[in-house]
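Notes for the one structure printed next.
The values are calculated or read from the model by the stated rules, or taken from the named source; none is laboratory data. Since this is a predicted model, take the numbers as computed values, not measurements. Every residue, glycine among them, receives a Cβ derived from its backbone with ideal geometry; neighbour counts consider all protein chains shown. Each accessible area value is taken on the protein alone, full model and side chains, heavy atoms only, with ligands, DNA and RNA left out. Shrake-Rupley method; radii C 1.70, N 1.55, O 1.52, S 1.80 Å.
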Amino acid sequence: MITMNNLEKVEKKMSDHFSISVPSKPEYVNVVRLTASAIASRMGFNIEQIEDIKVAIAEACTNAIEHGLCYNNNNFQISFFVDPEKLMIDVIDQGHGFESSEVEEPDLANPKEGGLGIFIIKSLMDEVEILSDLGKGTTMKMIKYLGDDI
């Protein structure tokens, strides 16, 4: 028998989920940044953490636009999973994909323009996973935990 108290416990453990489909155009990256900022603020992240999330999601969106199928005007997807303890964000494109294991660490002593996006994302978010299939696209999964930075 499910009591109201048990139901409340289950609801507290469930996370909210919503997705948006975004045109593969740079002018829409700020819309995604603002959406992420609003969600993170509502969850109780501090200003520094919110800025980290905004920069990371902008980098992930830029990668989806540049390496996804933007020349076909395809949209890419962003899913937000709001959990009591963390914010999970997936940025999904239907691009060419790549071998994520072959992404090299940037040479910070001799920086060059471009190629820092994944490094920046990994330095700002608590967990990052890249799933990419050649010819099928890429999903970048990012997690930021609520509370003290890990």
Revision key, fill the gap. In region 40-56, anything at negative phi, open to solvent by 40 Å² or more (accessible area, probe 1.4 Å) and of a type outside the set (S, T, N, Q) is listed as 42, 47, 48, 51, 55
Practice item. For residue 150, state whether it is β-branched (Val, Ile, Thr), at pLDDT below 90 and part of a loop (DSSP other than H, G, I, E, B). Key: yes
Revision key, fill the gap. Here the residues within region 9-39 that are open to solvent by 90 Å² or more (accessible area, probe 1.4 Å) and modelled with pLDDT under 55 are 9, 11
Review point. Can you tell me which residue in region 130-147 is surrounded by the most Cβ atoms within 10 Å (Cβ to Cβ), limited to those that are over 10 Å from the mean Cα position of the chain (by Cα) and in a strand (DSSP E or B)?
Key: 138
Point to revise | Top-ranked residue of region 21-60 - restricted to ones that are polar (S, T, N, Q) and assigned to a loop (DSSP other than H, G, I, E, B), ranked as nearest to residue 87 (Cα to Cα) | key: 46
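Matching residues to (1) modelled with pLDDT under 95; (2) of a type outside the set (Gly, Ala, Ser); (3) over 20 Å from residue 147 (Cβ atoms):
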| site | (1), (2), (3) |
| --- | --- |
| 68 | yes, no, yes |
| 71 | yes, yes, yes |
| 88 | no, yes, no |
| 99 | yes, yes, yes |
| 105 | yes, yes, yes |
| 113 | yes, yes, yes |
| 132 | yes, no, yes |
Practice item. Go through region 12-34 and count every residue that is of a type in the set (S, T, N, Q) and under 15 Å from residue 144 (Cα atoms). Key: 1
